[in-house]
Amino acid sequence: MKTQCIQLFFISLALLPALSASDWKPSDLIISENRYFEIVGHDARSVAYVAQLSSFIAGSVLDELADVDYSNPRTVLIQLDEAKTDKANQAYQVQISQLGFVTLSIQWDEKLELYSLMESLVVGFMQAYGYASYGDAYLERSPAKAWIIHALASTAYLQLRPKLARSFYFEAETVGFDFQLFEAELGQVLPSKRISEQSFALYRLIKKQPLRAEEKQRVFRSALLGMSIAESLFERMAMPSKSEFLKLWTEFLKVEQSKCRGQFMNLSLSKEWLESLARFSEMKLEGIPQRTNLSAHNLWAERDSLKLRRVLEARIELISMAIARINPLYYNAAQSLAFTYQSLLDASYEWEVLSLFSEYLDAMDRAQSVHEQISEALESP
């Protein structure tokens, strides 16, 4: 479900900057719905955008909470409202009726940021989820601790903006851990003013602990019910003191930042980079006849050339250094090309080289076919 929602969302992602209160036209209400939300507004593109984004949010949250069986006959009503002066500082409001029906009113204008929108959708969805799962505890204001809500919102946000993950970890490290985070209520501002970043980092830290999945979910669900999880968490983690936790926190953030240093190349750049490493027609090597197309067969014939071997070794190293950053769609092709070059250095028979090079060509054809389909989908209305 989440994969489908991500695909739909990316198709409509370009719509957001163009949608503002000034674009709305006085017309009949536009209504759209999905499995968990009903969206009402005056602009068809805005309503369609929120319908797809809200479906993605619900899928992301349910994945994180490992709740594949969740079903609720009460959909969340989302109202896309024009910004009003008396609510200028309030991006959204959530209300729940005595019958458990949730209404999420979003101030839809050019000032609304993507994270705030996603946070509002998480809050609205969790109000309905909480009532369906925990009953009267969610009949009024959500009892959930702020950190778990921000953690779920940030996780979904960074699924769409993965290049910002490192900045989240960096900000969390810069401000230091605030133990008030465990007790903060939704809407409360921490002294560090970095509650989203700290919440995401805390959530990821818990997820990385060598605890059973059931134990981790118990921690998260306790936070959803408004319980303080600090004492039980430290006990589960065998953490004797706050100072020991801070050491673990700092070390964890540094490790995660280092993992985020190399971001994936985009599809086009990955393709061009890989093709450049497979191309020899523009290269002039002394002692090797210049050919328009220096094929795998021709390379095999010249494999004893010391200069060619140095070029092959350099290209293998380049692929090894960058393979973690190449777009996953082109990963198999990059790996096959490296194996081809290694076989030119080590293989005993030409057929070994030709077989590996054939695998590279097949992998490139498959990747380019999917690449073209993605490009067409993104360019379509």
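No lab work stands behind these numbers, since they all come straight from the coordinates. Quick caveat: nothing in here was measured; it's all calculated off a predicted structure. Please note: Cβ atoms are built from the backbone with ideal geometry, for glycine as well, and neighbour counts cover all protein chains shown.
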- Note on the structure: Residues meeting the amide H criterion for residue 38 (H placed from the backbone, H to H distance under 5 Å, 5 or more places apart or on another chain) are 76, 77, 78
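Do any chymotrypsin sites (Phe, Trp or Tyr not before Pro) in region 27-123 lie in a loop, going by DSSP, with at most 15 other beta-carbon atoms within 10 Å of their beta carbon, and if so which?
Numbers: sites: 36, 37, 49, 56, 70, 92, 101, 108, 115; in loops: 36, 70, 101, 108.
Here the chymotrypsin sites (Phe, Trp or Tyr not before Pro) that fit, given the DSSP loop and packing criteria, are 70, 101.
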- Note on the structure: Once Lys and Arg are counted +1 and Asp and Glu -1 for all other residues with Cβ under 12 Å from that of residue 115, the total becomes -2
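Between residue 276 and residue 214, take the C-beta separation as r, use R0 = 35 Å, and let me know the FRET efficiency to the nearest 0.05.
Values: r = 49 Å, r/R0 = 1.41.
The calculated FRET efficiency here is 0.10.
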- Item | Rough spin-label spacing in nm, given labels placed 7 Å along Cα→Cβ, for residue 30 and residue 251 | 5.3 nm
- Task: Sequence neighbours fewer than 8 away in the same chain don't count; with that in mind, list the aspartates and glutamates whose C-alpha is under 13 Å from residue 145.
- Result: 183, 185
- Long-range amide H partners of residue 92, meaning residues 5 or more apart or on another chain whose placed amide H is closer than 5 Å, are 107
- For region 339-353, Karplus couplings with θ = phi - 60° (6.51, -1.76, 1.60), whole Hz, Gly/Pro x: 5, 4, 5, 5, 5, 4, 7, 10, 5, 9, 10, 5, 4, 5, 5
- What order do you get for 217-229, 298-310 when each peptide is scored by the mean count of other beta carbon atoms within 10 Å, highest first? 217-229, 298-310
